[in-house]
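Down below is the structure, laid out as structure tokens.
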Amino acid sequence: MSDTKSRASINLPSDFRFGEHRPDNMVVPSAAPPPPLGPLAFFVGDFVGNGFNTIFRPDSAATPTQLPNPVPPTTPHDNILELNLTSETISFSKSLGSVPNRGTGSQADTFLNGVPYVQSVTDTTIHGERVAIHFEPGIWIHVPATTIPPLGETVARMASIPHGTTIEAQGLVDPAKPGAPTINAVDITPIINATGTPFRFPSQTATDPNTLRIPQDLGPFITRGTITQTMLDDPNSSLRDIVTKQNVVSTTTLFISTAPPPPVGLFGGGTDNIAFLLGQSAASAPNAQATKMTAVFWIETVQVDILVGPLTIGQQFAVEPAKVVPGQRMPTFSGIAPFDVDVPRTLTVTYTQIQYTQTVLLNFNGLTWPHVSVNTLVPADDIPVPASAW
């Protein structure tokens, strides 16, 4: 059964529903159905997962990070590569309803709908310890097609991050297609701003224990397969490692960015940072300025077999499918036996899985540093076994 103790939560009042304010003495119109949510209709309830996070963070000369192993003096001592094995919860609220946005000229009014959410991420790299590293309240919004600007259906994610950054990321929807997603590689290597060339740091070599990295010694993680050179070279490999072993029936893909590239045609969005992150008013010497965020969310329908029984009629049960990789979070399926099950019985069921990869570009010390987070999330609450599965 699911455990709700360690989840972030979000709730709207039961009678809270967006709508239009009517003029005086006008007849109250009959209630219209809310605008569609499109792919956001899959964002229901709580999702949990175990993921991987990488971030190069500044290492100030005034407050240097103390590390257990000596680091060669020839290594640039202005950054630390932090690696996190993570436990994550995303809690989705009920949808907002009809959010009116007023058009101008020939653009008619349009009505949005959205899903508020809360994301919490905890570091679990050191066995037995849990340290919160991320908390994010926000809203996913579905935007219908418009004529001004001439765009098809889009989605947007608006979020606030405790370090002092807010984001507005908009993007396109690739409707449901049969099968698993194509997940491209992502590179965490920093880029020198002046030349646009990559600069690989010693901390990106997993077998080097004397480097500016947390954890420094990755030997035990490499042995267990929890942090490997492959994951440092391409964090998305952990997503592919799961999905290539699953029976993914269909995938809907959301592409969002604070600065969508051409020829997408989107020009909204952006990031904002508090003064400390900017460092200087013109951001000429930032402490850690978030300049851009891009993310891909894959909403997948996964088919699995579960084994139930022996059971007697009316007996309750709760079971998980077999894991495809060690440490993977799996959903729990529950139900009541509709008849006696004298021998174990295999049932075929499906569930919604959310995979994502997110890259935030940080600017400090004359370089652009990719901060990459990935995860595979499944429903946290029990999924009822449908009658058709029997």
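The values are calculated or read from the model by the stated rules, or taken from the named source; none is laboratory data. From a predicted model like this one, the values you see are computed outputs, not experimental measurements. Cβ: placed from backbone, ideal geometry, glycine included. Neighbour counts: every protein chain shown. Just the protein is used for accessible areas: all its heavy atoms, side chains included, with ligands, DNA and RNA removed. Shrake-Rupley method; radii C 1.70, N 1.55, O 1.52, S 1.80 Å.
Could you please state how large a percent of the accessible area of the chain is carbon and sulfur, counting protein chains only and using a 1.4 Å probe? Result for the chain: 58 percent of the exposed heavy-atom area is carbon or sulfur.
Using a Gaussian network model of the chain in which every pair of alpha carbons under 10 angstrom is joined by a spring, one finds that among ALA285, ALA206, ALA62 the greatest mean-square fluctuation is at ALA62. Summed over qualifying helices (DSSP H, 4 residues or more, each -39500 (n - 2.57)) and divided by its residue number, the chain shows a 222 nm mean residue ellipticity of -1000 deg cm²/dmol. Assuming a ≥ b ≥ c are the square roots of the Cα gyration tensor eigenvalues, decide whether the chain counts as rounded (a/c under 1.5), prolate (otherwise, with a/b larger than b/c) or oblate. Judged from the Cα gyration tensor, the chain comes out oblate (a/c at least 1.5, b/c at or above a/b). With a Förster radius of 45 Å applied to the C-beta separation of GLU129 and THR244, the computed FRET efficiency comes to 0.90. Once the Cα-Cα distance is subtracted from the 0.36 nm per residue extended length, the ASP187 to THR147 segment shows a gain of 10.7 nm. GLU153 sits with roughly 70 Å² accessible to a 1.4 Å probe, with DNA, RNA and ligands left out of the calculation. Amide hydrogen proximity for ASP381: with H placed 1.01 Å from N in the peptide plane, the residues at 5 or more positions away or on another chain lying under 5 Å are ASP46. Given a 1.4 Å probe and the protein chains as shown, ILE313 ends up with an accessible area of around 110 Å².
Scanning residues 5 or more positions from THR75 or on other chains, none has an amide H under 5 Å from its amide H, with H placed 1.01 Å from N in the peptide plane.
Taking square-rooted eigenvalues a ≥ b ≥ c of the alpha carbon gyration tensor, is segment 195-287 rounded, prolate or oblate, where a/c under 1.5 means rounded and, failing that, a/b exceeding b/c means prolate?
Oblate shape, in that a/c is at least 1.5 and b/c is the bigger or equal ratio.
For segment 150-158, the Karplus equation 6.51 cos²θ - 1.76 cosθ + 1.60, evaluated at θ = phi - 60°, returns couplings of x, 10, x, 4, 9, 10, 9, 10, 10 Hz by residue, with Gly and Pro reported as x. Just how far, in whole angstrom, is segment 217-273 from segment 194-208 if you go by their alpha carbon centroids? Computed from Cα coordinates, the inter-centre distance equals 19 Å.
Across segment 51-57, rounded Karplus estimates of 3J(HN,Hα) from the backbone phi angles (6.51 cos²θ - 1.76 cosθ + 1.60, θ = phi - 60°) give x, 9, 9, 10, 8, 7, 10 Hz, Gly and Pro being marked x. Annotation: amide H of LEU12 within the under-5 Å range of LYS94, sequence separation 5 or more or interchain, hydrogens built in the peptide plane.
Across segment 287-296, coupling constants 3J(HN,Hα) worked out from phi with the 6.51/-1.76/1.60 Karplus curve, θ = phi - 60°, read 6, 5, 7, 7, 9, 7, 10, 10, 8, 10 Hz, and Gly and Pro carry x. Projected onto its three principal axes, the C-alpha set of segment 303-365 covers 67, 19, 16 Å, listed from the longest axis down. Between rounded, prolate and oblate, where does segment 72-112 land on the alpha carbon gyration tensor, with a ≥ b ≥ c its root eigenvalues, rounded for a/c under 1.5, else prolate if a/b exceeds b/c? It is oblate, given that a/c is not under 1.5 and a/b is not larger than b/c.
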